[in-house]
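Structure, as structure tokens:
The values are calculated or read from the model by the stated rules, or taken from the named source; none is laboratory data. If you're wondering where the values come from, they're calculated on a predicted model, not measured in any experiment. Heads up, the Cβs are rebuilt from the backbone with ideal geometry, glycines too, and the neighbour counts pull from every protein chain shown.
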Amino acid sequence: MKIVGLTGGIGSGKTTVAHLFSELEVPVFIADKVAKSLYNQKEVINLIKQTFGEHLFKENKLDRQALASIVFNDSVKLKQLNEIIHPRVHHEFESWLKLQSSSYVIYEAAIIFEHNRQDFFDKTILVTAPKQIKINRVMARDGVTESQVLQRMSKQWPDDKKSHLADFIITNIDLEKTISRVQEIDKILKDL
Ligand SMILES: CC(C)(COP(=O)(O)OP(=O)(O)OC[C@H]1O[C@@H](n2cnc3c(N)ncnc32)[C@H](O)[C@@H]1O)[C@@H](O)C(=O)NCCC(=O)NCCS
Ligand SMILES: Nc1ncnc2c1ncn2[C@@H]1O[C@H](COP(=O)(O)OP(=O)(O)OP(=O)(O)O)[C@@H](O)[C@H]1O
């Protein structure tokens with residue numbers, strides 16, 4: 001079974017694209033979503049409390065905004081959080097993968113090239129969109145300010161640094177064109 005990495009910067013539309021693949025019956029693993037579920041595990045809660053402070057949890061529920069404002073303002077803290085979360089996400093992926101039986105699966109994550117993880121995948125897909133479109137999408141979706149989006153973007157590589165590393169690029173502006181491109185890539189991947 002082939003493992004295809006699907007990535008893109010904040011607001012590029014990678015989750016939207018991941019859903020288009022799942023509509024084509026491709027199993028999709030969304031790393032962001034799995035990362036979120038880890039914050040319910042006792043061991044992770046304790047590690048986050050020890051590393052970033054007890055105040056981040058109210059009745060064992062994570063204040064995501066508070067954690068975001070710590071880690072996206074401080075690269076060392078972001079690295080600490082990544083070190084807690086990423087190996088556990090990977091472990092969940094390995095368990096999930098064993099249950100799949102399709103010709104290929106999609107692993108969707110914001111950070112693949114930044115952490116030099118491309119060799120883990122048989123193929124990679126990069127979703128791109130112009131910077132201002134990405135900013136506007138995230139501001140509209142999450143009700144955050146432009147500077148909050150820019151801060152998160154600064155922790156990710158710009159598209160031009162990632163594009164030459166990807167096997168496929170999806171320029172996600174017009175949704176109809178994105179749908180056609182997903183169908184085209186799916187056909188290629190199924191024939192590999
Ligand atoms: C800090 C947290 C709690 C903030 O939660 P919030 O709901 O605001 O954001 P969410 O998880 O939905 O992420 C939204 C986007 O932020 C960006 N982002 C998230 N984590 C990271 C990271 N570690 N590095 C760079 N960008 C990131 C991505 O573009 C992502 O798609 C959360 O982002 C988190 O747990 N991050 C660490 C885990 C992680 O790396 N997840 C991403 C893939 S495993
Ligand atoms: N082609 C498109 N046309 C219009 N809106 C779009 C398009 N693609 C995505 N969007 C919208 O833009 C927002 C961001 O898309 P999505 O959540 O898929 O991006 P993402 O790359 O997964 O973002 P994040 O890194 O923040 O998780 C969503 O509200 C989505 O509905």
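Structure values in brief
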| item | result |
| --- | --- |
| Inter-residue pairs, beta-carbon under 6 Å, first over 18 Å from residue 135 (Cβ atoms) and in the range 1-16, second of a type in the set (D, E, K, R) and more than 6 Å from ligand 2 (Cβ to nearest atom), 6+ apart | 2/122; 3/122; 4/123; 6/108 |
| Scope the range 25-48; condition surrounded by fewer than 14 Cβ atoms within 10 Å (Cβ to Cβ) and part of a loop (DSSP other than H, G, I, E, B); matching residues | 25, 40, 41 |
| Selection status of residue 112, under 13 Å from the mean Cα position of the chain (by Cα), closer than 30 Å to residue 184 by Cβ and at pLDDT 95 or above | yes |
| Those residues of the range 54-65 which are assigned to a helix (DSSP H, G or I) and either near ligand 1 (Cβ under 9 Å from one of its atoms) or more than 22 Å from residue 151 (Cα to Cα) (or both), in sequence order | 54, 55, 64, 65 |
| Test: residue 51 is within 16 Å of ligand 2 (Cβ to nearest atom) and either small (Gly, Ala, Ser) or not in a loop (DSSP other than H, G, I, E, B) (or both) | no |
| Top-ranked residue in the range 130-184 [being charged (D, E, K, R) and in contact (Cβ under 8 Å) with a residue 60 or more places away in the chain; ranked as surrounded by the fewest Cβ atoms within 10 Å (Cβ to Cβ)] | 141 |
| Helices (runs of 4 or more DSSP H) completely within the range 101-192 that count 2 or more residues being more than 30 Å from residue 70 (Cβ to Cβ) and touching a Cys at 6+ places or on another chain (Cβ under 7 Å) | none |
| Test: residue in the range 70-90 that is among the small types (Gly, Ala, Ser) and either surrounded by 14 or more Cβ atoms within 10 Å (Cβ to Cβ) or not in a helix (DSSP H, G or I) (or both) | no |
| Selection count where residues are more than 15 Å from ligand 1 (Cβ to nearest atom) and surrounded by fewer than 19 Cβ atoms within 10 Å (Cβ to Cβ), scope the range 95-117 | 9 |
